[in-house]
Amino acid sequence: MKRTLITLALLSAVFAGGAQVKDANGINDTTVDNYKPSEDANSKYARPVAGSSRKGSNPVLFLVGNSTMRTGTKGNGNNGQWGWGAFVHQYFDEERITVENHALGGTSSRTFYNQLWPDVLKGVQAGDYVLIELGHNDNGLLDTWTARNSIAGIDPDTCVTVTLHDCRSKDWNGRVETVYSYGQYMRMFINDVRAKGAYPLIASLTPRNSWDNETTITRKWNTFTPWGKAVAEEMNVPWIDLEGVSASRLEKFGHWKTEYMFYYIDKIHTSRFGAENNAYSAALAIQQCANCPLKDYLKDLTPIHVDVARTPGKTVVWLCGDSTCKNSDNDPNGMWGWGSQAYTVFDTATVIFRNEAMAGRSCRTYLNERRWEKVYNSLQPGDIVFLQFGHNDVGDIEKGKARGEIALGTDSTKVFKLEATGEYEAVYSFGWYLKKMIGDAREKGAIPILLSLTPRNEWPGGKIERRNDTYGRWYREVVEATGVPFIDVHNLTADYLDSIGQEATKAYYNHDHTHTSLLGAQQNAKSVAQGMRSLGYDRLLK
């Protein structure tokens, strides 16, 4: 095969400045990663031994990629960022195929092929699958510092020989290396996989938080997307359009939601939310690929949801919250949540009421346990969603029940190491979680209504306790930021209890200062109805 040698000066001109390349939106096209060559031993420890997950004679899906697939060296979320390779396994039938994430932050097609690929290839067997998603780091320096740049394009006959110097790994200095085009590295991966009797797949890159306009996420239509697709077509390899599927989903989410798909101001590295979106998008893209036998190993990708027997003309009203909304709700002398008494105030001829609350949950745990996801996936335009959290939202964050959030109504986030599991979690503020659910509901065309928490049976100074300086302030900040309709159940019920006095109020609670009796649950339902009338929803009430 004829090779065309090009000089370093010409190559620099062709690639417009290496690490300083910016796109039309001024976004630097080079990622920032945690990987350092001196940490290679740690990176090998963090990454699995190739083929070690294999169950009997089952195939293995090997993931080859960079920090968008495994962020940093260990990929454990300790900086709030996650790669999608940590989550995609949940979409495959792991009794028939296992998924191994061999990605490493900071690698390009060139550096992965030269440094990590030989060890991965040792574990590949006939019938396995290798999914390759590389390119984010191919816009770097060619012969110094990162020394990871590949030559732009897919020309198989273009290469350059370089001597490495001033590299961040002193072991690299003085090494002579032949550098190929991006497309040629893809061909080399493909040929190696096929030589093992396995199936290669090429995926487009994950999208960045970069917008061409208010409604369109930037795609790499003039670089890596067409290059990867062209090689896939040339080599008759499945093309997995991860970028296209994920970007389309982000466009539906909108700007605010897309922002938190990426952690901090980073435009490339995803939060857990973004990584899970990319993982699901990858599964969808595999499912949509016409010539991809890997899709036979996918689970049912239908989103989890709540089955609702909808009736034309009836409004579905959802309740998401804690034990003050749903409790045991069966013992006349036991604890009751007001959701069980919704039928006493809502007109069942016009309302289908779904009580999806769960005792002991905060916004954070309601989200982490995917309870909100089930509601979100079930929402339809015109539905009403009550959000009532607070009793469990301020407390231990990283220890104990680990359900607390940052005690603010404004947006805030911090990474915590969980005491029970040793895992890392990016925890957000109370107000942020509420705003997320409000935004999610509106995205689906539903109407979110924020409810303040129910009052507790505490009487400092002869008046029932009010939390207007903490939760009350946080709710008001969320209302101001989002314009969400608000029912101040806390003060509506407290006003009534103050009017009947401390002794009479005892009948409204059961066993403790928080959980209501049947009578108390009915009173909270009346407060909700009072708030609904003030918002103009009389048609839904008795």
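I need the full set of residues from segment 250-265 which are part of a loop (DSSP other than H, G, I, E, B) and either touching a Leu at 6+ places or on another chain (Cβ under 7 Å) or touching a residue at least 24 places away in the same chain (Cβ under 8 Å) (or both), in order please.
Narrowing segment 250-265 to residues part of a loop (DSSP other than H, G, I, E, B): 254, 261, 263-265.
Answer for segment 250-265, where residues must be part of a loop (DSSP other than H, G, I, E, B) and either touching a Leu at 6+ places or on another chain (Cβ under 7 Å) or touching a residue at least 24 places away in the same chain (Cβ under 8 Å) (or both): Gly254, Met261, Tyr263, Tyr264.
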| Failed item, numbered, when Asn236 is tested on (1) among the polar types (S, T, N, Q); (2) outside any loop (DSSP other than H, G, I, E, B); (3) on the phi > 0 side of the Ramachandran plot | (2)
| Odd one out for Val306, checked against (1) open to solvent by 60 Å² or more (accessible area, probe 1.4 Å); (2) under 30 Å from Arg96 (Cα atoms) | (1)
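Residue under question is Tyr185, and the condition is that it be hydroxyl-bearing (Ser, Thr, Tyr), in a helix (DSSP H, G or I) and at pLDDT 95 or above; does it hold? Lay out the reasoning, then the answer.
Working: hydroxyl-bearing (Ser, Thr, Tyr): yes; in a helix (DSSP H, G or I): yes; at pLDDT 95 or above: yes.
Taking the combined requirement at face value, the residue satisfies it.
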| query | Looking at (1) surrounded by fewer than 21 Cβ atoms within 10 Å (Cβ to Cβ); (2) closer than 23 Å to Val479 by Cα; (3) touching a residue at least 40 places away in the same chain (Cβ under 8 Å), which is the only condition Glu425 fails? | reply | (2)
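Name the one entry in Gly461, Gly472 that is without any contact (Cβ under 8 Å) to a residue 12 or more places away in the chain, surrounded by fewer than 21 Cβ atoms within 10 Å (Cβ to Cβ) and small (Gly, Ala, Ser). Can you show your working first?
Numbers: Gly472 fails: without any contact (Cβ under 8 Å) to a residue 12 or more places away in the chain.
Just one listed residue meets the conditions, Gly461.
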| query | Which residue pairs have Cβ atoms under 7 Å apart, sit 6 or more places apart or on different chains, and have a first residue in segment 284-301 that is without any contact (Cβ under 8 Å) to a residue 12 or more places away in the chain and a second that is polar (S, T, N, Q)? | reply | Lys295/Gln287
| Single unsatisfied condition, Arg208 versus (1) buried (at least 19 other Cβ atoms within 10 Å of the Cβ); (2) in a helix (DSSP H, G or I) | (2)
| field | Residues of segment 266-299 satisfying the condition of being outside any helix (DSSP H, G or I) and out of contact with any Lys or Arg (no Cβ under 7 Å at 6 or more places or on another chain) | value | Asp266, His269, Thr270, Ser271, Ala290, Asn291, Cys292, Leu298, Lys299
| said: Take the conditions under 22 Å from the mean Cα position of the chain (by Cα), under 16 Å from His136 (Cα atoms) and small (Gly, Ala, Ser) and apply them to Ala275. Does it pass? | reply: yes
| remark: By residue number, the members of segment 125-153 that are surrounded by fewer than 22 Cβ atoms within 10 Å (Cβ to Cβ) and β-branched (Val, Ile, Thr) are Thr144
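Considering each of Leu497, Leu540, Leu535 in turn, give the residue that is in contact (Cβ under 8 Å) with a residue 60 or more places away in the chain and surrounded by 17 or more Cβ atoms within 10 Å (Cβ to Cβ).
Leu540
For segment 310-329, how many residues are β-branched (Val, Ile, Thr), out of contact with any helix residue (DSSP H, G or I) (no Cβ under 8 Å at 6 or more places or on another chain) and assigned to a loop (DSSP other than H, G, I, E, B)?
Of the residues in segment 310-329, the ones β-branched (Val, Ile, Thr) are 311, 315-317, 324.
Now drop any that are not out of contact with any helix residue (DSSP H, G or I) (no Cβ under 8 Å at 6 or more places or on another chain), which leaves 311, 316.
After this cut, where a residue has to be assigned to a loop (DSSP other than H, G, I, E, B) as well, the list is 311.
Looking only at that region, the number is 1.
Could you tell me how many of the residues in segment 376-402 are among the charged types (D, E, K, R) and buried (at least 20 other Cβ atoms within 10 Å of the Cβ)?
Restricting attention to segment 376-402, the residues satisfying the condition of being among the charged types (D, E, K, R) are 383, 393, 396, 398-399, 401.
Now restrict to residues that are buried (at least 20 other Cβ atoms within 10 Å of the Cβ): 383, 393.
The qualifying residues number 2.
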| request: Within segment 475-487, track down each residue that is surrounded by 19 or more Cβ atoms within 10 Å (Cβ to Cβ) and either on the phi > 0 side of the Ramachandran plot or of a type in the set (Ser, Thr, Tyr) (or both). | output: Tyr475
| query | Which condition number does Glu373 fail, the rest of (1) open to solvent by less than 70 Å² (accessible area, probe 1.4 Å); (2) in contact with a strand residue (DSSP E or B) (Cβ under 7 Å, 6 or more places away or on another chain); (3) not β-branched (Val, Ile, Thr) being met? | reply | (2)
| message | So in segment 230-241, with the set limited to residues that are closer than 20 Å to Ile286 by Cβ and among the charged types (D, E, K, R), which one is surrounded by the most Cβ atoms within 10 Å (Cβ to Cβ)? | response | Asp241
| said: So Tyr35 ticks every box in (1) at pLDDT below 90; (2) open to solvent by less than 20 Å² (accessible area, probe 1.4 Å); (3) within 20 Å of the chain's Cα centre (by Cα) but one. Which box is left unticked? | reply: (3)
| remark: Residue set Trp227, Trp172; condition farther than 28 Å from Ile97 by Cβ, crowded, with 16+ Cβ neighbours inside 10 Å, at pLDDT below 95 and not hydroxyl-bearing (Ser, Thr, Tyr); output residue Trp172
| query | Going through segment 357-390 one residue at a time, which ones are acidic (Asp, Glu), farther than 11 Å from Val317 by Cβ and part of a loop (DSSP other than H, G, I, E, B)? | reply | Glu369
| task | Hey, could you check segment 329-370 for residues that are closer than 27 Å to Val427 by Cα and polar (S, T, N, Q) and say which is surrounded by the fewest Cβ atoms within 10 Å (Cβ to Cβ)? | result | Asn368
| query | Does any residue of segment 429-452 turn out to be open to solvent by less than 30 Å² (accessible area, probe 1.4 Å) and more than 32 Å from the chain's Cα centre (by Cα)? | reply | no
| If we scan segment 212-219, do we find a residue that is in contact (Cβ under 8 Å) with a residue 12 or more places away in the chain, over 30 Å from Trp256 (Cα atoms) and assigned to a loop (DSSP other than H, G, I, E, B)? | no
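The values are calculated or read from the model by the stated rules, or taken from the named source; none is laboratory data. Being a predicted model, the structure only gives us computed values, none of them experimental. Methodologically, a virtual Cβ is constructed for each residue, glycine included, from the backbone with ideal geometry; neighbour enumeration extends over all protein chains shown. Just so you know, the surface numbers come from the protein's heavy atoms only, side chains and all, with ligands and any DNA or RNA stripped out. Shrake-Rupley method; radii C 1.70, N 1.55, O 1.52, S 1.80 Å.
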